[in-house]
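Everything on this sheet refers to the single structure shown next.
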Amino acid sequence: MNEWLRSTLPIVGSEHARDIDTFYFFVFYLSLFFFIIVGGLAVYFPIKYRLKPGETRRSAHITDNFFLEMLWTVVPSLLCFVLFFWGFNTYLAAFTVPNDAMEIYVRGRKWNWTFEYPDGMAGGGTLYVPLNRPIKLIMDSEDVLHAFYIPAMRIKQDVIPGRYVYMTFTPTVKGEFQIFCAEYCGKDHSGMLAMLKVMDDAEYEVFKREGPPEYKTMDPKLIGETIYKTRGCQSCHSLDGTKGDGPSFKGIWGKTEQFADGTSGVVDENYIRQSVLEPQAKVVKGFEPVMPTFQGSLRPVEINGIIAFIKGQK
Amino acid sequence: MADVLHHQIHAASDHREVDYLSDGRGIRDWLYTVDHKRIGVMYLFFIILSFFVGGMLALAIRLELLYPGRTIMDAETYNRVFTLHGAVMVFLFIIPSIPAALGNFVLPLMLGAKDVAFPKLNLASFYIYCLGATMMIGAIISGGVDTGWTFYTPYSTSTNGAVTLTAMGVFTLGFSSIFTGINFIATIHKLRAPGMGWFEMPLFVWGIYSTSVIQVLATPVIGITMVLLGLERAFGIGIFDPRIGGDPVLFQHFFWFYSHPAVYIMILPGMAIISEVIPTFSHRTIFGYRGIAFSSVAIALVSFIVWGHHMFTSGQSQLINAVFSFLTFLVGIPSGIKVFNWVATMYKGRITLKAPMLFAISFLLLFTIGGLTGLFLGSLSIDIHLHDTYFVVAHFHYVMMGGTVIAFLAGLHYWWPKMFGRMYNERLAAISCALIFVGFNTTFLTQFVLGSRGMPRRYYNYLDQFQQLHMYSTFGSWILGAGFFLMAGYLLASLRGPKNAPMDPWGGTTLEWQTQSPPITHNFHDVPVLKHAPYDYRNIPQGEA
Amino acid sequence: MSVAENIEHGHGHAAELSPFQQHHFATAQQQNEASKIGMWLFLVTEVLLFGGLFVGYGLSHAKFPEAWKSAHHHLQRELGALNTVVLLVSSFTMVMAVQAAKLNRRKQLIGNLWVTIICACIFLVVKYFEYSHKYHEGLLPFKAFYSYQGPQVPGEFHFFSFYFMMTGLHGFHILGGIAVLLWVLKRSYAGDFTSAYYTPVDLIGLYWHLVDLIWIYLFPLLYLIS
Ligand code: HEA
Ligand code: HEA
Ligand code: CUA
Ligand SMILES: [Cu+2]
């Protein structure tokens, strides 16, 4: 029974998840107990007291019984207290953030999640965290409600536009865990997935330096495209030639740009690297110097990705 | 006593008086009627129609979820389908089902009254229902709604579906519900037969009374909420929309302030039916009359202060969450009292397992599962995990479908002979009950497991690991559908036969069994006077089976 | 089966029977009491309907206290006060009308109903002037219509959203009340109401007091913010 019951819950990813499961089992067995009493009698009595052929219909006349009625008022009442306090305690524990928690910003939008780490790096699709470190997620939404749900940690929190909310967990198991969007948010609600990857410290150090392990096998263009989509380039730079807050990326590779200070230059690797790290150094003519710097928040491999990506925009 | 029995036998065989069904057969006689029985029957027709529509949408949902990814429709259609399924089932079917259809028919009869207090208001409420339903159908035709039946902002203020029209439909339906509630309360206060004190009322009446109180006190709030939603969408008031200074979570408070009590609008009448059916078929007095009567009122009152349990993950303060969790458990106590009293009523009874009783026993099993799983959801930390997963979907289908709908079926079979004067095929009824029971559990037990494993609700697509359980669930829905089609078949078939139902086919003790089946237009020839409390079987002829 | 026994009943008090007594009531008194219960319940739903707006108002006020303070200066306190008085008078004449009906005084009933209706119309006329003044300044409800250009604190349009929604809903209630009052008046001329049957007068009276009461809350909430 216990084994089966455990199999009806997701993998355990933290101590908190284990505590919740214990409580869950308690509520389950309590419910089972009441169900067996009620269901058992509801089936047994109709069989036992079935009107048999030839029998008269004279039944017992029992209108009430003080003791019994008290029993099934008081016992559930007491149990309610148990349920409430146990539920409340585990809930408080789940939402109390340890002091040394690592803060990660989570942003939901239709229909993906992005994560911003304390060192300024950011990413989407997968949330990387070190093992046994308390994590605090500070979350908001760009458009409608979403909910960040990590079944393995047994936690969930709605994210709301225009307000920060938080949740916390301390992963104690290495591995990859599913993340869902649990608040209905439109067409691709069911596609708004992400992964949680819990790594040991050594792996995490590598991640901090070199980015997600899958970069190693990824086409740089694809890395660039991910950055373009998840880091906000999209909002100023189009790919189809339309002018936004910034110039479109369409066909700029190899082009000679005129700058506001009268000079000019060719769009090549160095120029793009500079545009991203020190955007104000050379401002393209006809544009305001509004592009933010990405110094410290894009890894070299990501900048190379951007270069490859822009190269590909014919 | 003997000649009462005699009289009954005669009523069955000999001459029948003109009943309300044959008293004026023209279409106008129906459309302009103020007879509560005819209004009840018209409601019944539209409610079953709505159930059919909602049910077909449900089968479409299940079929789509048979496999991950696209099976029969795309994501946008799916979102419209489940929204519509929820909205039709809740607003068009389940809320009016028992009070407006069955309640309208039997409540005045049970009280020994000739009609409800305000017959014209009753008819008006029916037409308002039709108007609201038309608006909802209009919304479907003009593009549908994809917000979920909960209309959460800011999604609902930004999506381009027919949200405003649907909201106006819900607003309109609210008035229908309010009018029914007002009518019943006034009727119960003022039109009880001479000698019928509050504690001589059948328990069905107590249940309907509590329901009406909720209808009157909660429905105006959904009304104003829907108006605000419509205005926010169209012109921007700035109370729900965060872009112009509003708070999207506030909408959830407004919505659940109504919609939580609304779930008790759904279940209390169901419980009310069970309180009639069990004593009648146990041929025994009800156990703990007062306990059942007061617990209905207690549930109605507590229902107003637990709405926050739908919002444990919405970002409201931890203290508020704690308060709502605590209050939520309180509802379990009166519900438990009822369940135990029903079971105790069968003890040492003389039970006949006719169709209504079979449904009542299914109800006991299914509602208990639904209610007990409500305790999981009321527990704060567990709900954080289970919120917005299929566990919640399974919970509310167990209480709404397994509870209210099954109770509705119990009531439908119980009063069918009274309403239409015909007996249906008992054997087919038993088969249909079994199909529904098995199909239902196959469909929704699996969903508890899906949910506890983390499958979120309102998901068009899902991970492969959930496929097997989804498949079982879909199979279950087919069995369920088969049960209902069978039921539609034998019930309709019974209408083609002659009027053969006796006055009191089950040996019921309440006043509706004191008049011909179907009743005459004015219900009773003379105002009946109550001599005993209901469910008192001591003075009833104890014939052999 | 034997729970009840049928007794001979019929309509016992045939002498008192009013032509307006419906067949399913045993006595006129029972009918009147039932109608009153119905009316009271209806009023409860009205309170809750407005209640939703009051809650929204309260929360928005808490969110934009500055905007509330500055926005309410655009309202004309004197006109609001005038309307309060007008409604209070109408409530008084409504009481008098019910009393007159009870005492079989038809002339008094008609007179008082007239005064009530006239007061209600004055209220609406005053409201019209207030609304058109706001209209010209662009102090309209909702983001979509609000177009006031003068100096203002952010959030003022929220105030006007609530101002118009609340007074507008109230105004509709006055309008509906006038319609019913006119119908009651017509029946009064026809001599339908006697001390034996005056339920409609009684009911519209209850309704009218509620509409009045709601204004008593609206006035300080909207016009007298400190
Ligand atoms: C008929 C309708 C109905 C009924 C009767 C109930 C009954 C209950 N519901 Fe349910 N509920 C819904 C319809 C209903 N619900 C719907 C529609 C939703 C989801 C809406 C949506 O999001 O779309 C929902 C969602 C819902 C949630 C929110 C879940 C979430 O979204 O995260 C919660 C949380 O507390 C909850 C709790 C309860 C409880 C405690 C009861 C209690 O009333 C149950 C009481 C009964 C029992 C407890 C069983 C009998 C008692 C005993 C055998 C004695 C033993 C008892 C004790 C030890 C206490 N319900
Ligand atoms: C009364 C309420 C009610 C009822 C009865 C049902 C009945 C059913 N529901 Fe539904 N459901 C809801 C209310 C209800 N539902 C709500 C509120 C939601 C949430 C929506 C949202 O998220 O916004 C929901 C959501 C919901 C989902 C989740 C969708 C999602 O989250 O993605 C699913 C999935 O399986 C589902 C399935 C079903 C099925 C298979 C039935 C079956 O039980 C249906 C079986 C019925 C039939 C097949 C009809 C047959 C009828 C006849 C033949 C007529 C004859 C009848 C008589 C004589 C009586 N429902
Ligand atoms: Cu994002 Cu659902
Ligand atoms: Cu609820």
Within the range B:112-142: backbone nitrogen closer than 20 Å to the B:Arg28 label point (7 Å, Cα to C-beta): B:120, B:123-124, B:127
B:Lys531/A:Leu68 FRET efficiency (R0 25 Å; Cβ-Cβ; nearest 0.05): 0.30
In degrees, nearest ten, helix B:75-87 long axis to first principal axis of chain B (Cα): 30
Cα-based helix-to-principal-axis angle, B:318-346 vs chain B, degrees rounded to 10: 30
Shape metrics for the range B:434-481, restricted to C-alpha atoms - Rg then Dmax, Å: 10.8, 33
Rg/Rh (Cα only; Kirkwood hydrodynamic radius) as it applies to chain A: 1.22
Beta bridges by DSSP in chain A, antiparallel share as percent, to the nearest 5: 70
Between helix B:406-420 and chain B: long-axis angle, C-alpha atoms, 0 to 90°, nearest 10: 40
Under 14 Å from the Cα of A:Lys243 - aspartates and glutamates, other chains or at least 8 residues apart: A:Glu288
B:Val53, B:Val88, reordered so the largest accessible area comes first (probe 1.4 Å): B:Val53, B:Val88
Length released on extending from C:Tyr128 to C:Gln108, taking residue separation times 0.36 nm less the Cα-Cα span: 4.2 nm
Rounded to the nearest 10 Å², the accessible area of C:Arg106 at probe 1.4 Å: 120
Under Karplus coefficients 6.51, -1.76 and 1.60, residue-wise ³J(HN,Hα) of the range A:203-214 in Hz, glycine/proline x: 4, 5, 4, 4, 4, 4, 6, 10, x, x, x, 6
Percent antiparallel among DSSP beta bridges (both partners in the protein assembly as shown, rounded to 5): 75
Helix-only CD estimate at 222 nm, as mean residue ellipticity for the protein assembly as shown, using -39500 (n - 2.57) per DSSP H run (n ≥ 4): -19500 deg cm²/dmol
Within straight-line cross-link reach of B:Lys338, lysines at Cα separation under 21 Å, skipping those fewer than 8 residues along the same chain: B:Lys348
Kirkwood-based Rg to Rh ratio, the protein assembly as shown, C-alpha trace: 1.02
Sequence-distant aspartates and glutamates (8 or more away, or on other chains) whose Cα lies within less than 13 Å of C:Lys36: C:Asp202
Exposure of A:Thr73 as accessible area (Å², to 10), given a probe of 1.4 Å and all protein chains: 40
Distribution of pairwise C-alpha distances over the range A:218-311, 10 Å bins, in %: 17, 55, 27, 2
Base-10 log of normalised Debye intensity for chain B (one unit scatterer per alpha-carbon) at q = 0.09, 0.10 Å⁻¹: -0.65, -0.80
Extension gain (nm, one decimal) between B:Gln318 and B:Leu66, 0.36 nm per residue minus Cα-Cα: 86.8 nm
Solvent-accessible surface ranking, highest first, for A:Lys314, B:Lys190 at 1.4 angstrom: A:Lys314, B:Lys190
The range C:109-173: GluC sites (Glu not before Pro) falling in loop per DSSP and having at most 16 other Cβ within 10 Å: none
Efficiency of FRET between A:Lys136 and C:Val47 - r from beta-carbon atoms, R0 41 angstrom, step 0.05: 0.35
Two-site FRET efficiency, B:Trp478 against C:Tyr135, from Cβ-Cβ distance with R₀ of 60 Å, rounded to 0.05: 0.50
In Å², nearest 10: area of A:Asp19 left accessible to a 1.4 Å probe: 80
Accessible area, probe 1.4 Å, largest first, for residues B:Arg233, B:Arg496, B:Arg290, B:Arg243: B:Arg496, B:Arg243, B:Arg290, B:Arg233
Virtual spin-label span in nm between A:Glu278 and B:Ser142, 7 Å along Cα→Cβ: 6.0
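The values are calculated or read from the model by the stated rules, or taken from the named source; none is laboratory data. Quantities reported herein were computed from a predicted structural model and do not represent experimental measurements. Reconstructed Cβ throughout: ideal geometry from the backbone, glycine too, with neighbour counts over all protein chains shown. Each accessible area value is taken on the protein alone, full model and side chains, heavy atoms only, with ligands, DNA and RNA left out. Shrake-Rupley method; radii C 1.70, N 1.55, O 1.52, S 1.80 Å.
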